[in-house]
Amino acid sequence: MRLTNLFTKTSKTAPADEVAKNAQLLIRAGFVHKEMAGVYAYLPLGKIVLDKIINIIREEMNSVGGSEVSLTALQQKDVWEASGRWNDEVMDVWFKTKLASGSELGLAPTHEEPLTQLMKNHIQSYKDLPVYPYQFQIKFRNELRSKSGLMRGREFWMKDLYSFSRTQDEHDVFYEKISDVYLHIFERLGLGDLTYKTFASGGSFAKYSHEFQTVSPVGEDKIYVHEARRIAINEEVYNDEVLADLGLERSEMVEKTAVEMGNIFTLGTKFSDALDLAFTDEDGTSKKVIMGSYGIGPSRVMGLLAEHFSDDKGLVWPENVAPAKVYLVRIGGDEATEHADALYDELMVQKVEVLYDDRDVRPGQKFADSELIGVPYRVTVSDRLIKSEQYEFTERKTGETSLLTREQLVAKLS
């Protein structure tokens, strides 16, 4: 991508009412646009990052047999009335509206009910199970507090997978498989060392649900971590009984502040009972489907990555989610332009993602923007370096700079 083809611009300042570091940086770097509190538009560079995060999650969901769908945002109230969750006193985050005819609709905060209703068309026999539909979709929640940038929004991206199983044992096997996959997702995102499988309340369906909490000073949750076993307990269930159940000693636990990045729940037959989702088993009996719910917020992940991978100059993206691998800077006249254009074309042929700063602006502005945008590597082509047939190669994370020949540069990047 050439910057002259990019309509967005960087800024030295963020909106005065934006207090979250992640949103300040993402707005200044031209990744997102703030529409209102808790509502952000994704600009071209931000959309690339979001899509890369989504694709990592998608690959892992597909690896366990997930089938991607796209459900509707508009919700009919009768499906939700069947479960009791249309009531604002039961679920207080609804955005509701009315059609011209007067019919009341809601904007989906989650999708257990409509998907359960939909699956009645596809599940009749034990031969139809298990199934694992999932989606990436914008969810809507009327949050009272929306001061954490992308990490707590009223409109946000969510990956939600729902499992439909014949038996509790079948459900439990998949539940553990998803648990392992979630940890792998956070490893791929560069957050593996900071993320813990965290025991939380399981409600009326299981002894525990599990959160995936990432340690961060901007977190809203308090967890107690056992470093050796890489597990944690949420403050809400931190007591002697839970410690004993998990074989842990209070003296071994370390209190930390964390952000909930994902969660997995056993739902049992709560929704299949409410919406009459049943199947005929091998023995001819009718049984209710056992369900589970598994969520990760890609937009929340993006916000935490911006919080965690940044410094006083700007963003420092991990390579696998960065908007490009290389920020190519051109400094000089016609000869520099010729060499930079040729290098850009060669890197594109090698399928190296390049953000080419071909603007006619001061070198200082190009360097400052490269650091703010946070692409992992910067390559500088200048009239001075062309004479020695070298290119300046700078690593964003460390600031280390070296001079490379064209062959060395292309080999290093491809």
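The values are calculated or read from the model by the stated rules, or taken from the named source; none is laboratory data. Just so it is clear, the structure is predicted and the values come from calculations on it, not from any experiment. Every residue, glycine among them, receives a Cβ derived from its backbone with ideal geometry; neighbour counts consider all protein chains shown.
Structure data summary
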item: Subset of the range 16-29 that is out of contact with any Asp or Glu (no Cβ under 9 Å at 6 or more places or on another chain) and surrounded by 14 or more Cβ atoms within 10 Å (Cβ to Cβ) - its residue that is farthest from Leu305 (Cα to Cα); result: Glu18
item: All helices (runs of 4 or more DSSP H) inside the range 18-100 with 2 or more residues being without any contact (Cβ under 8 Å) to a residue 12 or more places away in the chain, within 30 Å of Glu176 (Cβ to Cβ) and not polar (S, T, N, Q); result: 44-63
item: Single residue of the range 285-311 satisfying the filter (small (Gly, Ala, Ser) and assigned to a strand (DSSP E or B)) that is surrounded by the fewest Cβ atoms within 10 Å (Cβ to Cβ); result: Ser286
item: Which numbered condition Lys120 misses (of (1) over 16 Å from Ser293 (Cβ atoms); (2) in contact with a Leu (Cβ under 6 Å, 6 or more places away or on another chain); (3) crowded, with 18+ Cβ neighbours inside 10 Å); result: (3)
item: Any hit, the range 332-347, residues being under 30 Å from Ile138 (Cβ atoms) and free of Cβ contacts under 8 Å to residues at least 60 places away in the same chain; result: no
item: Answer residue from the range 212-240, given it is touching a residue at least 40 places away in the same chain (Cβ under 8 Å) and out of contact with any Gly (no Cβ under 7 Å at 6 or more places or on another chain) and is surrounded by the fewest Cβ atoms within 10 Å (Cβ to Cβ) among those; result: Pro217
item: Residue count for the range 30-52, restricted to those that are of a type outside the set (Lys, Arg) and in contact with an Asp or Glu (Cβ under 7 Å, 6 or more places away or on another chain); result: 3
item: Matching entry among Ser148, Ser103, Ser163 (being among the hydroxyl-bearing types (Ser, Thr, Tyr), surrounded by 20 or more Cβ atoms within 10 Å (Cβ to Cβ) and more than 30 Å from Asp281 (Cα to Cα)); result: Ser148
item: Residue match in the range 173-193 (condition: touching a Phe, Trp or Tyr at 6+ places or on another chain (Cβ under 9 Å), more than 25 Å from Asn55 (Cα to Cα), in the same structural domain as Tyr126 (by TED's automatic domain parsing) and touching a residue at least 12 places away in the same chain (Cβ under 8 Å)); result: no
item: Yes/no for Ser209 being buried (at least 18 other Cβ atoms within 10 Å of the Cβ) and over 30 Å from Leu150 (Cα atoms); result: no
item: Single unsatisfied condition, His339 versus (1) modelled with pLDDT under 95; (2) under 30 Å from Val259 (Cα atoms); result: (2)
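Matching residues to (1) under 13 Å from Tyr391 (Cα atoms); (2) of a type outside the set (Lys, Arg):
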| site | (1), (2) |
| --- | --- |
| Arg330 | yes, no |
| Glu335 | no, yes |
| Asp341 | no, yes |
| Met348 | no, yes |
| Lys351 | no, no |
| Asp357 | no, yes |
| Phe367 | no, yes |
| Leu372 | no, yes |
